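Written below as structure tokens is the structure these notes are about.
Bear in mind that the values in this text are calculations on the coordinates, not laboratory data. Nothing here was measured: the structure is a model prediction, and the numbers come from that model. Here Cβ is always computed from backbone atoms with ideal geometry, including for glycine, and neighbour counts include all displayed protein chains.
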Amino acid sequence: MHLDETPARLRLDTALDGLAVTFRGMTAHPDECNCECHWGSAEELALLKVPDVELDPDLLRRTWQAVDWEDHGSVLRRILPQFAAALVGGRIEPVFGMAEVGRSFARGRWQRWPAEQAAAVREFLHAWWAHTLTCADTAVPAYEVFACCAEASATLTPWLTTWEALTHPAADRRLAEAADRWEKELLGDQLPWDAWENKEEMYTELTSWLLHHASGRLRAQGAPEELLHRIRLLGLTGPARWDDPHWPGHRY
């Protein structure tokens with residue numbers, strides 16, 4: 001039993017159970033293949049065609065990271081219950097951040113799956129995000145979960161809407177952590193992760209949201225004055241930004 005029995009944790013547990021039920025019995029396509037030299041053995045590939053057998057952590061990693069499956073969707077459905085549980089537990093450690101995980105979801109085109117399957121994935125992502133914003137301690141930083149959800153769905157809107165609605169001290173702390181993590185890239189007119197789609201639109205939406213919603217919450221968290229100024233600078237462009245006395249001197 002989890003020590004965390006908050007509504008957000010219970011919702012997340014229910015979502016994980018929903019994935020297990022929805023994707024029980026799923027396998028990779030019978031004709032699926034991959035390179036034995038670069039991906040793994042025929043025996044490992046065969047495991048993806050057997051339902052509900054747990055994969056060892058290295059095989060799970062190679063499976064979700066591979067970009068050259070013929071039917072990425074069926075492979076993702078095969079591993080999804082185990083994959084999601086590992087994500088929540090902080091046992092997935094991508095080399096290039098959790099946006100890489102989101103792109104694996106996107107390659108599977110989960111939003112085009114049958115309604116029940118797509119709904120189960122959507123609820124998992126939303127439940128994981130809500131729990132990340134409200135739990136006392138999180139296995140994965142909120143800014144990483146945010147990037148994952150954004151890449152998985154190709155949009156920021158639902159995740160920012162949830163963040164805005166959750167007036168919770170933990171959500172404000174996660175905002176302070178994210179703002180501190182993101183400000184350098186954002187002040188260089190770049191997203192803080194490598195987006196697969198809608199990069200410019202995401203940058204515009206994120207900076208606008210921070211300008212309108214972050215300052216008061218950051219101030220309530222006792223964020224440093226310099227961080228507040230760096231968020232303010234997102235509303236300026238060109239020389240007005242660089243010549244501001246609070247420009248941090250970032251080099252790009």
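Quick notes on this structure:
- In plain terms, the C-alpha convex hull of the stretch 89-134 casts an average shadow of 3.7 nm² when viewed from every direction.
- At q = 0.25 Å⁻¹, base-10 log of I(q)/I(0) for the stretch 30-93 (Debye sum, equal scatterers on each alpha carbon): -1.19
- Relative packing of 81-90, 48-57, which averages over residues the other C-beta atoms within 10 Å, highest first: 81-90, 48-57
- Considering only Gly235, Leu191, Ala178, the residue lying farthest towards the positive end of the dipole of the stretch 164-252 is Ala178, judged by Cα position with unit charges set on Cβ.
- Charge dipole (Cα centre; +1 on Lys/Arg Cβ, -1 on Asp/Glu Cβ; no other charges) of the chain amounts to roughly 540 debye.
- Furthest towards positive pole of dipole, Gln82, Pro94, Ala106, structure part the stretch 76-116, Cβ charges: Ala106
- The chain, relative contact order in percent, only Cα pairs under 8 angstrom and at least six apart counted: 17
- Arranged from fewest to most other beta-carbon atoms within 10 Å of their beta carbon, Glu205, Glu225 become Glu225, Glu205.
- Dipole moment magnitude, nearest 20 debye, the stretch 43-109 about Cα centre, only Lys, Arg, Asp, Glu C-beta charged: 320
- Membrane-span-like helices in the chain, defined purely by DSSP H runs whose alpha carbon atoms cover 27 Å or more axially and whose average Kyte-Doolittle hydropathy reaches -0.5, are 115-134.
- Normalised by 2.2 N^0.38 Å, with N the number of residues, the alpha-carbon radius of gyration of the stretch 125-185 equals 1.02.
- A convex hull fitted to the Cα coordinates of the stretch 135-235 yields 93 cubic angstrom per residue.
- Ranked list, fewest to most other Cβ atoms within 10 Å of each Cβ, for Thr207, Thr22: Thr207, Thr22
- Ranking of Phe146, Phe23, Phe96 by neighbouring Cβ atoms within 10 Å, starting from the fewest: Phe96, Phe23, Phe146.
- Between the stretch 17-91 and the stretch 140-203, the alpha-carbon center distance in angstrom: 28
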